[in-house]
Ligand SMILES: NS(=O)(=O)/N=C1/NCCO1
Ligand SMILES: [Zn+2]
């Protein structure tokens with residue numbers, strides 16, 4: 001109904017940080033990863049990704065982050081192995097960041113905050129036919145989280161950074177092609193933490209196998225500054241708000257165990 005869609009929209013309000021309660025939500029994300037409490041699991045395999053840069057379609061500002069979207073109508077961009085039993089398909093990746101380099105990530109490692117965090121969102125194409133279906137189901141989604149640190153310029157990221165001025169406002173979209181998501185992976189993707197959690201933006205459903213990389217990637221101060229030049233607001237709105245601090249507050253662990261693929 002109209003009111004519910006308005007309600008959902010307001011949850012998507014840019015400054016939305018929760019504390020939107022999810023009825024019975026005790027597997028929520030993000031969380032702090034207490035390294036010493038993580039349990040090494042020797043059964044965890046290396047992750048296997050196979051992405052086709054040709055299936056990259058567009059980049060757009062959804063009023064909360066910016067998304068790079070892939071054609072997920074065929075099995076072209078797959079992720080399997082690691083903690084996953086099934087094959088998952090990439091549908092988009094996006095970032096979360098702060099107004100300064102002191103914070104911005106959603107997950108933390110022993111309470112350590114990073115200036116930004118990359119999320120690559122995949123859905124279980126062995127069991128479902130659409131992202132929208134999988135998003136409601138346990139084991140429906142797999143999200144890879146990669147921390148960003150400020151340091152040397154990231155050559156792979158620059159093509160994406162150069163596209164951002166064209167999507168400054170909410171709901172703006174431009175064509176974006178031939179981008180390899182694996183170019184944003186750290187050199188080591190075998191060392192990761194994994195736990196069962198939720199999306200950190202509505203619908204907040206507890207359908208996510210999180211795979212958080214131990215190794216971060218480096219981007220330059222100037223590259224990150226361009227992220228902050230984006231706006232939460234659409235071109236029509238009188239007051240323009242810079243898109244920063246688009247991360248959710250951390251959620252209680254509620255007895256969950258975080259497993260590690262490394263000792
Ligand atoms: N930050 S997140 O958990 O990846 N959230 C979402 N929502 C839709 C797709 O990814
Ligand atoms: Zn995210």
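Here are the numbers:
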item	result
Relative contact order, percent, the stretch 179-230 [alpha-carbon distance under 8 Å, six or more residues apart]	33 percent
Relative contact order computed over the stretch 99-204 (Cα-Cα under 8 Å; 6+ residues apart), in percent	18 percent
Between the stretch 59-92 and the stretch 152-209, the Cα center-to-center distance that results, in Å	9 Å
Nearest-0.05 FRET efficiency for residue 220 and residue 136, computed from C-beta distance (R0 35 Å)	0.35
Semi-axes of the equivalent ellipsoid for the stretch 84-143, Cα gyration tensor, largest first, Å	29, 12, 8
Added length on full extension, which subtracts the Cα-Cα distance from 0.36 nm per residue, residue 263 to residue 35	81.1 nm
Mean projected area in nm² (Cα convex hull; one quarter of hull surface) for the stretch 126-180	6.3 nm²
Cα→Cβ-extended label distance, 7 Å offset, between residue 48 and residue 155, nm	2.9 nm
FRET efficiency estimate (nearest 0.05) - Cβ-Cβ, residue 102 to residue 237, R0 25 angstrom	0.35
Those residues of the stretch 83-107 whose amide nitrogen sits under 16 Å from the label point placed on residue 173, 7 Å along Cα→Cβ	91-94
Sequence ranges 140-151, 160-171, 43-54, ranked by mean other-Cβ count within 10 angstrom, highest first	140-151, 160-171, 43-54
Angstrom value of the Kirkwood radius, inverse mean 1/r, which spans all Cα pairs in the stretch 117-255	17.0 Å
The stretch 45-164 - Kirkwood radius from inverse mean 1/r over Cα pairs (Å)	15.5 Å
Cα gyration tensor, the chain - rounded (a/c under 1.5), prolate or oblate	rounded
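None of the figures in this text is laboratory data; all of them are computed from the coordinates on show. Treat the numbers as computed from the prediction; the structure is a model and nothing was measured. Heads up, the Cβs are rebuilt from the backbone with ideal geometry, glycines too, and the neighbour counts pull from every protein chain shown.
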